[in-house]
Amino acid sequence: QVQLVESGGGLVQPGGSLKLSCAASGSIFVINAMGWYRQAPGKQRELVAVIISGGSTNYGDSVKGRFTISRDNTKNTVYLQMSSLKPEDTAVYYCHALVNTRLYWGQGTQVTVSS
């Protein structure tokens with residue numbers, strides 16, 4: 001089994017920054033990809049960013065240029081640096097990881113952007 005533990009959510013003012021972390025642990029042989037989705041109330045879950053094993057990244061259109069995903073392979077951890085945050089970025093952010101060809105999800109962390 002693999003566990004994903006997220007941290008770093010919270011309340012931030014518009015224009016501010018926040019950094020999320022997600023650490024994978026357990027029976028890990030290979031991590032093919034890690035990333036983040038988010039879900040706002042009444043909306044579908046959407047891709048925020050993903051980074052694959054080779055280092056390539058992909059971002060949702062709404063966060064391009066504002067969010068940066070990175071990964072520390074030695075710690076099996078993925079990070080999401082969020083800048084220039086907007087109220088519409090308010091959502092529960094879920095870490096996901098493709099580990100040993102299986103998809104795992106974290107429990108989610110709340111990010112609220114409000115003045």
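Taken together, the values in this text are just the output of simple stated rules run on the coordinates, not laboratory data. From a predicted model like this one, the values you see are computed outputs, not experimental measurements. Quick reminder, even Gly has a Cβ in these numbers, built from the backbone with ideal geometry, and neighbours come from all protein chains shown.
For the pair SER56 and SER70, the difference between a 0.36 nm per residue extended length and the Cα-Cα distance amounts to 4.1 nm.
Run through the DSSP bridge list for the chain and note the antiparallel percent, rounded to the nearest 5. Once the DSSP bridges in the chain are tallied, antiparallel ones form about 95 percent. Taking Cα centre as origin and charging only the Cβ of basic (Lys, Arg, +1) and acidic (Asp, Glu, -1) residues, the dipole magnitude of the chain rounds to 60 debye. Taking 7 Å along the Cα-to-C-beta vector as the label spot, tell me the THR101-SER27 distance in nanometres, rounded to one decimal. Spacing of the two 7 Å Cα→Cβ label points: 1.5 nm. Ranked by the mean number of other Cβ atoms within 10 Å per residue, highest first, peptides 59-68, 85-94 order as 85-94, 59-68. Distance between the pseudo-spin-label points of GLU46 and GLN110 (7 Å out from Cα toward the beta carbon): 2.1 nm.
Between LYS19 and VAL5, the contour length at 0.36 nm per residue exceeds the alpha carbon distance by 3.6 nm. In this entry, the chain is assigned a mean projected area of 6.7 nm², taken as a quarter of its C-alpha convex hull surface.
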